[in-house]
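The block underneath contains the structure these notes are about, expressed in structure tokens.
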Amino acid sequence: MSIGDANYSPILLLPSSLLSPICQKSRRDVGNFDKEFTKMAVELTPTDKLFIMNLDQTEFQGFSYTNPEFIIQV
């Protein structure tokens, strides 16, 4: 078999029979999670503002990233 065969994953180059049977139908698909878990209320962890202010950010100087999925065309 070769990479071009339909039975191979183009990403992992593994036979499709070895890939996980669990796959999302969409980004919001939670069908593979237990319903007891998905019905739980969301609890966000509060941020420690003093800790955040004291983080060394020099490693990220000049770096920027915009997720292309969240760009709104005007």
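The values are calculated or read from the model by the stated rules, or taken from the named source; none is laboratory data. Quick caveat, the model's predicted, so the values are computed rather than measured. For neighbour counting, all protein chains shown are included, and Cβ atoms are generated from backbone atoms with ideal geometry for every residue, glycine included. SASA here: full protein model, heavy atoms, side chains in, ligands and nucleic acids out. Shrake-Rupley method; radii C 1.70, N 1.55, O 1.52, S 1.80 Å.
As a rough guide to protection, the peptides 49-55, 64-70 ranked by mean Cβ packing within 10 Å, highest first, stand as 49-55, 64-70.
Share of carbon and sulfur in the accessible area of the range 29-74 stands at 59%, probe radius 1.4 Å.
Starting from the residue with the highest accessible area, list THR38, THR45, THR58 in decreasing order, probe 1.4 Å.
Solvent-accessible surface, decreasing: THR45, THR58, THR38.
Length available on full extension from GLN24 to MET53: 0.36 nm per residue minus the Cα-Cα distance, which gives 6.7 nm.
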